[in-house]
Amino acid sequence: MSVRPRVAVLISGRGSNMQALLDAAKAPDYPAEIALVLSNKPEAAGLDIARGYGVMAQAIPSKPFGRDREAHERALDAMLRERDIAIVCLAGYMRILTPWLVNRWSGRMLNIHPSLLPAYKGLDTHARVLAAGEARHGCTVHLVTDGMDEGPIVAQTEVPVLAGDTEASLAARVLAQEHLLYPAALAKLARTVTP
Ligand code: GRF
């Protein structure tokens, strides 16, 4: 079997997108291997889910590093290098990255965002979409660059906003598409990256 690029998934919470990536990567012909899961939150539920898949999963809390965000990222980066990681997927990783880490992983770091970027960057996208009376919403996977939720779009899926939608119903409709979109977008990038 050919060598597949090793992927790390960075999470902060429940890790449902991470799990979608782990499920997709079980297929023998999937072009990437999920080799590591890191969280900035020791209590992130996704860590135990990843361990259940037999994947090394570890918390690197930011607290001991205080305000020095780059020092925390250097600890993350050291682990990524140690584990021979070729691609990083942010999946609900709730920290803004410094230009140092972003530049180090330029072209090899993906993020998933619950909106049709470039619309609705930032938090609370579902509530803002509903408040604005939009007819369409969705999710985007993009390469990470310096600006938050910016960077070249790799893949995007649109969903309708339906009459009577609540934040929860809309979020669930988008999340179901995220779980299909992220594995497809990672596969697309993995095919272009040398392990
Ligand atoms: C997802 O909606 C993702 O788009 C956003 O954060 C959420 C993470 O959910 N960036 P999960 O931890 O993958 O379940």
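The values are calculated or read from the model by the stated rules, or taken from the named source; none is laboratory data. Worth saying up front: this structure is predicted, and the values here are computed from it rather than measured. Neighbour counts run over all protein chains shown; Cβ positions are idealised from the backbone, glycine included. Heads up: the accessible areas ignore ligands, DNA and RNA and are worked out on the full protein's heavy atoms, side chains in. Shrake-Rupley method; radii C 1.70, N 1.55, O 1.52, S 1.80 Å.
Under a cut-off of 30 Å between alpha-carbon atoms, report the lysines in cross-link reach of residue 26, not counting same-chain residues fewer than 8 places apart.
41, 188
Taking the mean number of other Cβ atoms within 10 Å as a proxy for protection, how do you rank 186-192, 7-13 from highest to lowest?
Values: 186-192: 17.9, 7-13: 24.0.
Ranked from most to least packed, the peptides come out as 7-13, 186-192.
With each label point set 7 Å from Cα along the Cα-Cβ vector, what nm distance links residue 128 and residue 27?
3.3
Say we join alpha carbon atoms closer than 10 Å with springs in a Gaussian network model of the chain; which of 183, 152, 28 then has the biggest fluctuation?
28
What is the percent carbon and sulfur in the accessible area of the stretch 20-134, measuring with a 1.4 Å probe over the protein chains and ignoring ligands?
Percent of accessible area from carbon and sulfur atoms in the stretch 20-134: 51.
If you line up the Cα atoms of the chain on their principal axes, what length do they span on each, largest first, in Å?
Its Cα atoms span 49, 44, 30 Å along the three principal axes.
Could you give the length gained on full extension between residue 82 and residue 158, defined as 0.36 nm per residue of separation minus the Cα-Cα distance, in nm?
Numbers: separation 76, 0.36 × 76 = 27.36 nm, distance 3.77 nm.
Extra length available between residue 82 and residue 158 comes to 23.6 nm.
On the first, second and third principal axes, largest extent first, how far apart are the outermost C-alpha atoms of the stretch 25-103 in Å?
If we take the Cα atoms of the stretch 25-103, the spans are 42, 28, 21 Å.
Given points 7 Å out from each Cα along the Cα-Cβ axis, report the residue 103 to residue 172 separation in nanometres with one decimal.
4.5
Estimate the FRET efficiency between residue 69 and residue 135 by the formula 1/(1 + (r/R0)^6), using the beta-carbon distance for r and 30 Å for R0, to the nearest 0.05.
The calculated FRET efficiency here is 0.20.
At 1.4 Å probe radius, can you tell me the per residue accessible area of the chain in Å²?
48
Per DSSP helix of 4 or more residues, -39500 (n - 2.57); summed, then divided by the residues of the chain. What does that give at 222 nm, rounded to the nearest 500?
My calculation for the chain gives -10500 deg cm²/dmol from helical runs alone.
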